[in-house]
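The values are calculated or read from the model by the stated rules, or taken from the named source; none is laboratory data. It should be emphasised that the depicted structure is a prediction, and the values quoted were computed from it without experimental measurement. All Cβ positions, even for glycine, are placed from backbone atoms using ideal geometry, and neighbour counts span all protein chains on display.
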Amino acid sequence: MTAARGPGFVVEAVLGLGRAAVPGGDVEPVVVYRGRVYPLGAWGYRDVREVMLEHPPEAFEELARRVSSSDRGLPVGAVRLLAPVRRPGKVLLVGLNYRSHAEELGVVPPPVPDLFVKSGNSVVGPGDAVLLHEPGLKVDAEAELAAVLGLPGRSMSLEEASEAIWGYTCLNDVSARREQLESGASQWWRGKSRDTYAPLGPVVVPRALVSPQRGLRVTLEVGGVRLQDGSTADLIHSPASLVEYASRGTFLEPGDVVATGTPPGVGHARRPPRYLQPGEAVRVCVQGIGCIENPVVADWAG
């Protein structure tokens, strides 16, 4: 299938689950299937989490076939895809999970996943602006494969964690490096959780259709220049192992997002450093899923 393009996104996957603003202004869960979009509001669904709970990833294509046989759907380019999960309860990320990224920073990866959190308010969708909230924040971007949970659980086994992952999407881990690393304290939450700092999308692809273990290409482009180009074959901790570790003593819920780290090439590690500038566009792509693109906009007066 030829990749389908829309405002701020490319859908490479044959099958995906997302959210969209459909003609008429309503926001609904949608099935993206073979280049067309099928709203699920008429089928009684109001939230992506409901769809994931009722339709495991292995059975999701059956729903797509039923919906597409009774509805002509819409061209992908005719809708505005939104972040596939509205305000996730938890957005968990991990530092130094690509061997080559640790090497470019000259550090030894920790023996266990180094997890941190982004706030739900940081999540935006394809085409939404990444805001530079004030001058001099040294804002950087990182391309990531992200797992989206479809089942709840706490203190899961590795097998349970694997089953809890409904599918995968793209995430851009935007970071204000000045706050994160240069503020006199380790301000990871502050540097990572500003509004618009987690572009997510374009769709969640069922886990059976993408295989991080086989090596998915993960790339980042800023202003049309490719800065990151890596493979999930380089991951230290697998998506399932990250979910298992995160669930120890913590209840994870459908719709929670667990990102898997970033490959080498981040702007902060370059010499000289390369930070986002107003007027640029930042584009994150994951093989088998698609791409999200977001404009960079200055959000200060003057």
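Assorted remarks:
- Residue satisfying all of: in segment 250-284; part of a strand (DSSP E or B) and within 12 Å of residue 227 (Cα to Cα); nearest to the chain's Cα centre (by Cα) among these: 284
- Only one entry in 209, 276, 227 is closer than 30 Å to residue 61 by Cβ and modelled with pLDDT of 95 or more, namely 209.
- Boolean, residue 12 is touching a residue at least 60 places away in the same chain (Cβ under 8 Å) and among the acidic types (Asp, Glu): yes
- Helices (runs of 4 or more DSSP H) contained in segment 109-228 and holding at least 1 residues in contact (Cβ under 8 Å) with a residue 12 or more places away in the chain and of a type in the set (Ser, Thr, Tyr): 158-164
- Filter result (surrounded by fewer than 21 Cβ atoms within 10 Å (Cβ to Cβ) and farther than 21 Å from residue 213 by Cβ) within segment 228-264: 248, 249, 250, 251, 253
- If the condition is being surrounded by 22 or more Cβ atoms within 10 Å (Cβ to Cβ) and under 27 Å from residue 249 (Cα atoms), then segment 128-164 contributes 144, 145, 146, 147, 148, 149, 150, 161, 164.
- Scanning segment 57-78 for residues that are assigned to a helix (DSSP H, G or I) and surrounded by fewer than 17 Cβ atoms within 10 Å (Cβ to Cβ) yields 58, 59, 62, 65, 66, 68, 69, 70, 77, 78.
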